[in-house]
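Please treat every number below as a calculation from the coordinates, not as lab data. What you are looking at is a predicted structure, and each value in this text was computed from that prediction instead of being measured. Please note: Cβ atoms are built from the backbone with ideal geometry, for glycine as well, and neighbour counts cover all protein chains shown.
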Amino acid sequence: MSKKIDARGLSCPQPVLLTLEELKRGDEKEIVVLVDTVTSRENVMRAASSKGCRVEGTESEEGGYKVVIRRN
Amino acid sequence: MKNFFATRWGIISVGAFIGVFAALLQKWGNPGNMGICVACFERDIAGAVGLHRAAVVQYLRPEIIGFVIGALIAAYLFKEFRPRAGSAPIVRFVLGVFAMIGALVFLGCPWQAVLRLAGGDGNAIFGILGLIGGVWIGTLFFKGGYNLGPTRSTYASVGWLLPLVMAGFLAFRLIFPPINEQAQNGILFYSLKGPGSMFAPLSVSLGIGAVIGFLAQRSRFCTMGAIRDFILFKQVHLLSGFVSLVIAAFITNWIVGQFHPGFTGQPVAHTMSIWNFGGMVVAGLAFALAGGCPGRQLFMAGEGDGDAAVFVLGMIVGAGFSHNFGLASSPAGVGPHGIAAVIVGLAVCLFIGFTMRKKA
């Protein structure tokens with residue numbers, strides 16, 4: 001199962017806050033974060049990798065960008 | 001393609017670039033310890049177009065125009081121009097107004113605070129502490145769910161409006177250039193003395209402004225974000241850029257003989273520590289609640305963010321209130337109503353922070 005966070009339209013620090021909150025609270029192996037600016041994508045990726053997760057950022061088919069975070 | 005400027009060394013080099021050229025702009029004609037100050041320069045623009053009539057701070061600063069245009073060019077070149085708007089614009093306007101009012105009680109934006117420090121002005125320490133305090137209060141609101149709501153994608157022309165306003169300002173500057181010993185040319189006001197009368201040549205100011213706008217768009221340089229991310233996430237990414245700015249400006253000032261340590265007699269400064277601190281608490285909190293320092297708001301506006309553009313206009317209008325109502329400080333100390341303005345500004349920011357929360 002993967003958990004999806006839709007942070008599109010939100011500006012920083014909100015996407016990062018939502019991601020970190022999910023990393024702390026949830027237990028899904030995979031978290032998918034949707035954002036709509038490159039800045040948010042970079043920030044979410046930077047925050048998740050600093051927590052020791054593997055991250056991958058791609059364009060999203062729903063518009064904007066998709067960051068896939070996998071716990072180690 | 002990897003964006004070098006988004007890496008640690010990228011942001012450090014951008015901070016260093018800003019620090020060096022801010023110090024050099026001062027050498028090339030800008031006022032003392034005010035090579036670049038986003039708040040002061042927007043205040044000078046407000047004076048140039050007559051929104052206030054403080055005679056010593058009127059000049060249509062080309063650096064601000066360059067920031068927006070440079071960011072716009074970078075955003076288009078790297079396909080990052082995203083026209084967006086609709087996240088509580090009226091709140092952003094009000095935050096812009098009080099951010100400016102607070103900054104002008106201290107006499108400077110966050111960039112200016114550290115540039116003053118790098119020039120030896122000890123009063124800046126209280127401003128920087130206030131800035132940190134204000135941003136810290138902001139992080140408490142973020143933890144409590146403060147959120148101005150999402151933006152929406154919109155017409156490209158929405159994102160173009162502030163860059164077009166800036167292009168219009170540039171046209172004014174070219175049509176009505178400063179004339180020696182003349183306080184007005186056409187619709188633009190000019191200062192004959194004081195900080196407003198000191199400026200680097202147009203091409204230098206505009207060119208350096210545009211390069212900084214370009215680099216800052218690529219690197220997401222933000223001084224408020226530097227403090228916020230450190231407090232909120234213990235992240236030092238943006239902070240390393242901010243620190244690099246201070247060090248680079250300090251070294252450059254030292255080399256060109258612009259470092260004069262002390263508290264009294266500093267340029268564009270007063271020595272009322274409590275209000276240097278208090279003014280920046282209000283400004284820092286307003287920047288935090290609006291999601292960016294005044295520089296960052298200009299760069300975001302260049303990327304198509306219509307809400308950031310509203311914040312910028314709020315700051316310019318706020319400068320009008322500041323000087324017309326006697327809220328802004330001068331080297332003699334705080335203005336007649338500056339203290340009241342700090343208290344009202346803090347109350348307004350707290351009202352916004354407490355009431356605009358999304359319930360989980």
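Summary table below
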quantity: Count - residues of the range B:1-31 that are within 17 Å of the chain's Cα centre (by Cα) and more than 26 Å from A:Val38 (Cβ to Cβ); calculated: 6
quantity: Candidate set from the range B:58-87 (those that are hydroxyl-bearing (Ser, Thr, Tyr) and more than 10 Å from chain A (Cβ to nearest Cβ)); member that is surrounded by the fewest Cβ atoms within 10 Å (Cβ to Cβ); calculated: B:Tyr76
quantity: Residue in the range A:43-63 that is nearest to the other protein chains (Cβ to nearest Cβ), counting only those that are without any contact (Cβ under 8 Å) to a residue 12 or more places away in the chain and closer than 20 Å to B:Glu80 by Cβ; calculated: A:Arg46
quantity: Yes/no for B:Val268 being out of contact with any His (no Cβ under 9 Å at 6 or more places or on another chain), of a type outside the set (Gly, Ala, Ser) and crowded, with 17+ Cβ neighbours inside 10 Å; calculated: yes
quantity: Subset of the range A:1-18 [of a type in the set (D, E, K, R) and either within 14 Å of chain B (Cβ to nearest Cβ) or under 9 Å from the mean Cα position of the chain (by Cα) (or both)]; calculated: A:Lys4, A:Asp6, A:Arg8
quantity: Within the range B:85-146, helices (runs of 4 or more DSSP H) holding 2 or more residues that are over 17 Å from B:Gln266 (Cβ atoms) and under 18 Å from the mean Cα position of the chain (by Cα); calculated: B:89-106, B:124-143
quantity: Selection count where residues are surrounded by 21 or more Cβ atoms within 10 Å (Cβ to Cβ) and without any contact (Cβ under 8 Å) to a residue 40 or more places away in the chain, scope the range B:199-257; calculated: 2
quantity: Qualifying position, being part of a helix (DSSP H, G or I), in contact (Cβ under 8 Å) with a residue 60 or more places away in the chain and crowded, with 24+ Cβ neighbours inside 10 Å, among B:Val348, B:Val282, B:Val317; calculated: B:Val282
quantity: Every residue from the range A:23-61 that is of a type in the set (Asp, Glu), farther than 16 Å from B:Pro150 by Cβ and surrounded by 18 or more Cβ atoms within 10 Å (Cβ to Cβ); calculated: A:Glu42
quantity: Those residues of the range A:19-39 which are within 10 Å of chain B (Cβ to nearest Cβ) and not acidic (Asp, Glu), in sequence order; calculated: A:Leu20, A:Thr37, A:Val38, A:Thr39
quantity: Scope the range B:77-113; condition farther than 25 Å from B:Cys40 by Cβ and in contact with a strand residue (DSSP E or B) (Cβ under 9 Å, 6 or more places away or on another chain); matching residues; calculated: B:Arg82, B:Pro83, B:Arg84, B:Ala85, B:Gly86, B:Ser87
quantity: Residue match in the range B:259-274 (condition: part of a helix (DSSP H, G or I) and within 24 Å of B:Ile101 (Cβ to Cβ)); calculated: yes
quantity: Residue list for the range B:228-267, filter: of a type in the set (A, V, I, L, M, F, W, C) and within 12 Å of chain A (Cβ to nearest Cβ); calculated: B:Phe230, B:Ile231, B:Leu232, B:Phe233, B:Val236, B:Leu238
